[in-house]
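Beneath this line is the structure, given in structure tokens, with notes to follow.
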Amino acid sequence: MRGSEPRLLRHLTGAAAASGLALAGLVMTSAPASAAACSGTSGVTVVVDTGGSVNTRCAAGDPASGLRALTAAGFSVTYPQQYPGSVVCRINGFPASDPCVRMPPADAYWAFFHATRGGGWTYSSSGVSSYDPRPGTVVGFRFGAGQQPRVAPPEPTATSAPAVTTTKPQPTSAPRTTTSAPEVTSAPPSISSGAAATAQAPGVTASVPPSHTATPSRSASASASPSGPATPTATSSATPSTSATPLAAAPTAEPDDGPPGMGTLVAGAALLALVGGGAGWTAWKRRA
Amino acid sequence: MTGPMTSSLPRAVHPAAWWGWAIGMAVAASTTTNPVLLLLALCVVALVVAARRGTSPWARAFRLYLWLGLAIVVVRVVLHVLVGLKFGEIVVLRLPEVTLPSWAAGIQVGGTVYLEGLLAAALAGLRLAVMIACIGAANALANPKRLLRALPGALHEIGSAVVVSVSVAPQLAESVQRVLRARQLRGDTTRGLRAVPTVALPVLEDTLERSLLLAAAMDSRGYGRTEHVPRGHRLVTGAVTLGGLLASAVGIYGVLDATTPAMMGTPTLLAGLALSGLGLWLGGRHVPRTTYRPDPWRGAEWLTVGCGVFAAATLVTVSRMTPELLVMPLTPLAVPPLPLAPVVGLLVGALPAYLTPAPLRPAARVAHRGARDRVVVRG
């Protein structure tokens with residue numbers, strides 16, 4: 001039931017757009033998807049859809065590539081071991097199930113889209129590191145078998161909006177009580193706790209109709225809608241200010257005993273010197 | 001018979017064992033981009049080569065493979081700077097970038113070079129260089145002629161042909177040197193192009209004479225004799241071998257392509273390999289052939305192969321369980337980790353340098369003719 005919901009949702013998107021809030025109120029929870037889109041024609045809006053939650057942020061300035069827009073917007077990127085710098089394997093640590101050694105499989109990878117504001121998604125024909133998004137456009141990442149992000153590219157805005165991670169609760173969990181987001185911050189759009197929220201995402205069934213049908217007023221976009229006792233929003237609000245910089249929020253690929261420092265390097269060099277010296281000494285002894 | 005027992009008497013370790021060990025080390029190196037582990041694998045391979053290589057011409061080839069590896073790293077880095085996709089945060093070099101048309105997307109000519117991208121390129125090159133050094137180690141340690149003698153009976157004619165052809169180049173070089181020395185002794189010191197006619201004819205004559213001698217020697221040893229094989233048996237052998245090869249090809253395709261049905265993958269490949277083995281066995285049954293002083297396969301051989309397999313198994317397991325330990329952390333850039341299990345696995349790969357019998361030396365071979373009990377080792 002839960003697994004079929006996104007596909008069902010995609011079929012329903014058109015109907016939802018037609019019937020608007022009526023259907024959204026019955027079946028789905030409305031979503032402020034364009035919460036953190038860039039304002040005006042500056043910056044590149046980045047939409048990341050894990051299949052469970054949608055995260056929209058803004059990369060300021062003119063990033064040189066889709067990848068740089070992704071990192072500039074505060075997402076942490078893990079590359080496959082064999083394709084560093086050219087293929088996205090994990091965004092904010094999702095999916096944790098992929099070992100990130102080889103190319104991700106064709107039915108579980110981050111598909112890369114680009115779009116104009118308010119336009120339609122285009123599956124990018126060039127790589128994430130070679131596509132250069134123009135300022136004022138949108139790049140989208142959707143995890144899955146190459147489907148589109150489930151939110152439409154945010155429409156152009158004139159005003160700045162604060163950053164909100166729009167993670168949705170399950171419709172069945174509790175009656176909807178819309179509260180204001182606990183982490184509403186003023187500009188510049190911050191990247192607070194996006195990693196924590198997205199890491200929780202697989203267990204969350206989200207339903208995100210296009211924002212321009214669900215939330216007609218832009219002022220509503222600053223509020224998330226947490227409900228129920230254990231929603232991801234609660235997690236995200238628990239760590240609001242620990243992630244001051246984008247990279248600090250990134251789950252680093254390092255062993256549990258902390259970042260290896262000079263001791264590790266010295267130990268490695270000593271080991272290499274020992275074995276390499278042994279090889280050299282043996283060769284020299286045989287020649288003599 | 002393991003370790004100290006067999007290492008007391010110098011003898012050549014079975015070439016197939018060296019190849020098994022080297023492939024294991026290459027598989028281990030292929031799983032990692034951690035520079036410490038890659039360099040450790042290189043040092044281990046170099047140590048074993050230094051300790052256990054023979055005195056044959058190909059035993060000195062290991063240095064060439066090291067130079068080849070260095071060239072690979074340099075070319076990889078230069079290509080990254082010229083046309084590679086640059087990524088990273090730490091700027092190393094600012095170069096102008098050529099704007100290419102959209103159909104050339106994926107190629108970045110010039111552009112700012114970052115430390116992370118440069119390191120990734122160098123480490124990818126280093127990984128390939130270490131794998132090539134492993135193969136070079138197998139070439140330096142294993143006698144190719146002895147390896148061909150271990151071929152299954154059905155392939156012995158191919159083996160003889162390959163042995164004859166790989167012997168041509170060294171023999172030709174030796175022949176040229178012999179003729180040049182003979183001419184110098186007679187006072188003829190012509191060099192360069194003018195010496196070619198006076199050298200070429202004796203070398204050609206020498207080659208022909210050797211070929212005739214080789215042919216006579218092979219004929220007297222029974223090469224080229226065929227036993228009568230019933231027609232039905234020949235057909236069955238051919239069908240089994242061909243079917244096995246076809247199934248192997250389909251199986252490899254199935255293993256590599258994730259979209260094919262599961263039955264086309266590993267099961268087909270295993271069935272194909274089994275059929276091929278059966279075909280070889282059937283074909284070899286009718287080849288009357290014995291091997292003169294076959295290379296023994298004893299404890300030292302098991303140990304050598306086991307060390308290579310252990311190194312490969314350790315690193316493959318670690319790469320499945322905790323792949324981040326084997327990766328150079330590039331984003332963000334950090335000191336590479338030094339995980340215990342892969343280090344131990346690679347160090348086990350160095351054990352053949354000490355636990356296998358020492359290789360034969362020329363002095364030892366001469367001593368064998370007279371007194372077998374007293375082996376004189378030069379040095």
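Provide the solvent-accessible area of residue A:79, counting protein heavy atoms only and rolling a 1.4 Å probe, rounded to the nearest 10 Å².
Rounded to the nearest 10, that gives 30 Å².
Let's see if you can work this out: charge +1 on each Lys and Arg Cβ, -1 on each Asp and Glu Cβ, no other charges. What is the dipole magnitude of the stretch B:153-220 about its Cα centre, in debye to the nearest 20?
500
Direction-averaged shadow area of the convex hull around the Cα atoms of the stretch B:231-284, nm²?
Dividing the Cα hull surface by four gives the mean projection, 3.3 nm².
Principal axis extents for the stretch B:153-220, Cα atoms only, whole Å, descending order, please.
The Cα atoms of the stretch B:153-220 stretch 51, 21, 16 Å along their principal axes.
Which of B:163, B:192, B:218 sits closest to the plus end of the dipole of the stretch B:153-220, meaning its Cα is farthest towards the positive end, when Lys and Arg get +1 and Asp and Glu get -1 on the C-beta?
B:192
Take chain B, connect every pair of alpha-carbon atoms lying under 10 Å apart with a spring to form a Gaussian network, then pick out the residue of B:314, B:290, B:356 with the largest mean-square fluctuation.
Comparing B:314, B:290, B:356 in a Gaussian network model of chain B, the most mobile one is B:290.
Quote the total accessible area buried by chains A and B together, excluding ligands, DNA and RNA, probe 1.4 Å, nearest 100 Å². Intermediate values should be presented prior to the final figure.
Details: alone 14260 and 22800 Å², together 34160 Å².
Buried: approximately 2900 Å² between B and A.
If you place +1 on the Cβ of every Lys and Arg and -1 on the Cβ of every Asp and Glu, how big does the dipole about the Cα centre of the stretch B:192-342 come out, in debye to the nearest 20? It would help to have the intermediate numbers written out before the result.
Values: 11 positive and 9 negative charges, 90 e Å.
With only Lys, Arg, Asp and Glu charged at Cβ, the dipole is about 440 debye.
Quick one: with all protein chains in place, what share of the accessible area of the stretch B:231-284 is carbon or sulfur, to the nearest percent (1.4 Å probe)?
Looking at the stretch B:231-284 in its full context, I get 80 percent from C and S.
Pick out, from B:54, B:101, B:82, the residue whose Cα sits farthest towards the positive end of the charge dipole of the stretch B:41-176, with +1 on the Cβ of Lys and Arg and -1 on the Cβ of Asp and Glu.
Going by the charge dipole, the pick is B:54.
In square angstrom, what is the accessible area per residue of chain B with a 1.4 angstrom probe? Walk me through the numbers on the way to the answer.
Values: 21440 Å² over 379 residues.
Per residue, chain B has 57 Å² of solvent-accessible surface.
Where the centre of each part is set by its Cα atoms, how far does the stretch B:276-300 sit from the stretch A:31-94, in angstrom?
60
Add -39500 (n - 2.57) for each DSSP H run of 4 or more in chain B, then divide by its residues: what number comes out at 222 nm, to the nearest 500 deg cm²/dmol? Please list the in-between numbers first.
On the way: 14 runs with 239 residues, N = 379.
Result for chain B: -21000 deg cm²/dmol, rounded to the nearest 500.
Using the Kirkwood radius over C-alpha pairs as Rh, can you work out the diffusion coefficient of chain B via Stokes-Einstein at 25 °C, viscosity 0.890 mPa s, in µm² per second? Let's see the in-between values first.
Values: Rh = 25.2 Å.
It comes out at roughly 97 µm²/s.
Given H placed 1.01 Å from N in the peptide plane, which residues other than close sequence neighbours of residue A:77 have an amide H under 5 Å from its amide H?
For residue A:77, the qualifying residues are A:92.
Which of the listed residues, B:176, B:235, B:152, is farthest toward the dipole's positive end in the stretch B:128-235, when Lys, Arg count +1 and Asp, Glu count -1 at the beta-carbon?
Result: B:176, furthest along the dipole toward the positive end.
Based on Cβ point charges of +1 for Lys and Arg and -1 for Asp and Glu, what charge dipole magnitude is obtained for chain B about its Cα centre, in debye rounded to the nearest 20?
1620
The values are calculated or read from the model by the stated rules, or taken from the named source; none is laboratory data. Small disclaimer: the values here were computed from a predicted structure and weren't measured. Backbone-built Cβ (ideal geometry, glycine too); neighbour counts: all protein chains shown. Heads up: the accessible areas ignore ligands, DNA and RNA and are worked out on the full protein's heavy atoms, side chains in. Shrake-Rupley method; radii C 1.70, N 1.55, O 1.52, S 1.80 Å.
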